[in-house]
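The values are calculated or read from the model by the stated rules, or taken from the named source; none is laboratory data. Values in this document were obtained by computation on a predicted structure and should not be read as measured data. All Cβ positions, glycine included, derive from the backbone under ideal geometry; neighbour counts span all protein chains shown.
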Amino acid sequence: MTIAPFGRTAAIGDVPDDAPEAAAAVTHAPLQRVHVHVRARSAARREALERMVEAWGHVTGPDAHDADVVLTEGDGSSADESIVLASGAPQGDYTSIQRGDQASTLAADSTPAQIDAALRAVALGLVVRSAPASADDGFAALGDESLRPLLTPREIEVLAAMAAGGTNKMIARQLDISLHTVKFHVESVFRKLGVRTRAEAVAKGIERQRRETIEL
Amino acid sequence: MNESEFLAGLSASLTARVAAARSSIAAIRLSDEHHLTGILWRADVVVTSEQSLPRRDEFTVVLEDSKRVGARVAGRDPGTNIAVLRIAEHPSATPWSPATAQPGSIVLALGADGAGDATARLGVVNRVAPEWHSVAGGRIDQRVVLDIRLGRSEEGGPVIDAAGAYLGMSTFGPRRRVLVIPAATLERVVPALLQDGRIARGWLGIALQPVAVPEPLQQAAGQSSGLMVMSIADGGPAAKAGVVAGDIVVALDGTPVRRARGVAARLGADSVGRSADLQVIRAGGVVSLQVTIEARPAG
């Protein structure tokens, strides 16, 4: 089962201290290993980010041209400092990747799980945008969205395996259930989330989990 | 009275209300271009919206007549979305008289323009509902929704009624709908924040997500939804009680738990130190666990 990291240990600001612990709390099926090239403001922060990425089972390297994903930390010049991810197409100058159309951006306070999910998504050629939390969320009430159909624990596991890039066959093997049962759960997840593709299900599932998970 | 006199009179009354409240509106500078609005709560205290106040200790506050003073954050409570700042100088603050919100009442939402003057928005109270709990676990005395749109820098200002009495502080809810943190909540939380810097709240040390209870277990659980434990804080109350990830919480102290709301309501300041009975679904059966509620750690 994919377990969400606890608490706010994940903010990029405190990467050097507790990233390995936070990352260790995130268990993933070793389905997809992504080659990542990390750029940061200082060597120390680059190393901290590399350690974090490696703790998830990915590979980091010094050459942007070998990488599936280039992870660039924001320059810190503005309040909405962000993390920029770009797929490692060997064209153009990586230093010029900022908030261009092709780059994916995450808020600087994204959790390790969000960064990890984004790394995997970008490696698959998707563009990731995290909604600015303060802009859309607002001060919300518990149970504001309580009328939506809930997923079962099994469906959450299947969704987590889909997020890690698993095919139905891989998920069946991983969860030790039949292919028929996996299909049944996938269809049920699609119906409950009101989606038609796996990518949509993963995106909506992550967003819903973020909104609905509360710490008490 | 003819129509034009009535309109002129209404307009004059509104501008008079804004003028009267002007000395109680503060701009909290976030950068050279951005600011947030605050209420001059008393001579040395400014109250604002916690969710929009960056995590810094010191700010510059612009008061009436462009007067700039230094401010220190004295406390913040994400649960009720209230932050308080102490300001160095002591201008004279007009005391407020609290108002009761009613659907349809005309209200003004006031903001700071950043240069020492007020901004104003006119609308009505759209909806009033009883006490509610925020996602962050705070109790808010009343749910008041306004039929008003606010600019980002106007959040945190006072909302006043036609008589000039105040309903509370404006804040953004989901989809930028404007909510009011009621006067009663401010009066309860601000003094506690000034004293302790934070609001004590019961803590179980678990992250929960609502889930559907699998069908074969619904009868044993007596309900069709519960809260699945997604993660556990190391050494926290739940960890000590033997709660494990994957447990589905179905009842707290004998009361069925279907959504998070029910649990948060039982974790007020008075719950700290109390023992709670947690019923969870584990391995196909219902298990009862005793958890001693602790105070939520700072930060």
B:ARG266 fails exactly one of the following numbered conditions: (1) within 14 Å of B:ALA207 (Cβ to Cβ); (2) part of a loop (DSSP other than H, G, I, E, B). What is the number of that condition? (1)
Exactly one of (1) under 17 Å from B:PRO78 (Cα atoms); (2) surrounded by 20 or more Cβ atoms within 10 Å (Cβ to Cβ); (3) within 11 Å of chain A (Cβ to nearest Cβ); (4) not β-branched (Val, Ile, Thr) is unmet by B:LEU252. Its number? (1)
Answer yes if at least one residue in the range B:279-299 is modelled with pLDDT under 90, surrounded by fewer than 14 Cβ atoms within 10 Å (Cβ to Cβ) and within 9 Å of another protein chain (Cβ to nearest Cβ), and no otherwise. yes
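Considering each residue of the range A:158-216, count those that are within 14 Å of chain B (Cβ to nearest Cβ), basic (Lys, Arg) and not in a helix (DSSP H, G or I), and give that number. Walk me through how you get there before you give the answer.
Residues of the range A:158-216 that are within 14 Å of chain B (Cβ to nearest Cβ), as a first pass: A:158-160, A:175, A:177, A:181, A:184-185, A:188-189, A:191-193, A:205-216.
Okay, now just the ones that are also basic (Lys, Arg), so A:191-192, A:208, A:210-211.
From what is left, the residues that are not in a helix (DSSP H, G or I) are none.
The qualifying residues number 0.
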Looking at the structure I just gave you, is B:VAL291 of a type outside the set (Lys, Arg), under 30 Å from A:SER188 (Cα atoms) and not in a helix (DSSP H, G or I)? no
Name the single residue that is farthest from B:PRO130 (Cα to Cα) among those in the range A:126-141 being out of contact with any Phe, Trp or Tyr (no Cβ under 8 Å at 6 or more places or on another chain) and at pLDDT 65 or above. A:LEU126
Considering (1) under 13 Å from the mean Cα position of the chain (by Cα); (2) among the acidic types (Asp, Glu); (3) within 25 Å of B:SER224 (Cα to Cα); (4) at pLDDT below 80, say which one A:ASP144 fails and leave the rest. (1)
Could you please tell me which pairs satisfy a Cβ distance under 6 Å, a separation of 6+ or placement on different chains, a first residue in the range B:45-61 that is within 14 Å of chain A (Cβ to nearest Cβ) and surrounded by fewer than 22 Cβ atoms within 10 Å (Cβ to Cβ), and a second residue that is at pLDDT below 95 and part of a strand (DSSP E or B)? none
Could you look through the range B:187-217, keep only residues that are assigned to a helix (DSSP H, G or I) and within 14 Å of chain A (Cβ to nearest Cβ), and pick out the one that is surrounded by the most Cβ atoms within 10 Å (Cβ to Cβ)? B:VAL189
So if I check each of B:ARG127, B:ARG175, which one is in contact with a helix residue (DSSP H, G or I) (Cβ under 9 Å, 6 or more places away or on another chain), outside any loop (DSSP other than H, G, I, E, B), within 14 Å of chain A (Cβ to nearest Cβ) and surrounded by fewer than 20 Cβ atoms within 10 Å (Cβ to Cβ)? B:ARG175
Quick check: anything in the range B:4-22 small (Gly, Ala, Ser), out of contact with any Ser or Thr (no Cβ under 7 Å at 6 or more places or on another chain), crowded, with 22+ Cβ neighbours inside 10 Å and touching a residue at least 24 places away in the same chain (Cβ under 8 Å)? yes
For B:ARG152, the lone unmet condition from (1) touching a strand residue (DSSP E or B) at 6+ places or on another chain (Cβ under 6 Å); (2) within 12 Å of chain A (Cβ to nearest Cβ) is (1)
Would you please name the residue that is modelled with the lowest pLDDT, looking only at residues in the range B:222-246 that are in a loop (DSSP other than H, G, I, E, B) and within 10 Å of chain A (Cβ to nearest Cβ)? B:SER224
Any idea which of B:ALA238, B:ALA162 is surrounded by fewer than 18 Cβ atoms within 10 Å (Cβ to Cβ) and more than 19 Å from A:PHE139 (Cα to Cα)? B:ALA162
Looking at the range B:23-32 only, could you name the residues that are crowded, with 18+ Cβ neighbours inside 10 Å and assigned to a helix (DSSP H, G or I)? B:SER24
Can you tell me how many residues in the range B:130-149 are of a type in the set (A, V, I, L, M) and farther than 17 Å from B:PRO98 by Cβ? 4
Which listed residue is touching a helix residue (DSSP H, G or I) at 6+ places or on another chain (Cβ under 7 Å), in a strand (DSSP E or B), in contact (Cβ under 8 Å) with a residue 40 or more places away in the chain and under 23 Å from A:PRO153 (Cα atoms), from B:VAL280, B:VAL249, B:VAL286: B:VAL286
With respect to B:SER170, is the statement that it is closer than 29 Å to B:THR119 by Cα, within 12 Å of chain A (Cβ to nearest Cβ) and touching a residue at least 24 places away in the same chain (Cβ under 8 Å) true? yes
Which residue pairs have Cβ atoms under 6 Å apart, sit 6 or more places apart or on different chains, and have a first residue in the range B:81-102 that is away from chain A (no Cβ under 14 Å) and a second that is part of a loop (DSSP other than H, G, I, E, B)? B:ARG86/B:ASP44; B:ILE87/B:ASP44; B:HIS90/B:ALA43; B:HIS90/B:ASP44; B:PRO91/B:LEU63; B:ALA93/B:ALA43; B:SER97/B:ALA165; B:ALA99/B:ALA165
Going through (1) modelled with pLDDT under 95; (2) surrounded by fewer than 20 Cβ atoms within 10 Å (Cβ to Cβ) one by one, B:ARG86 fails only at (1)
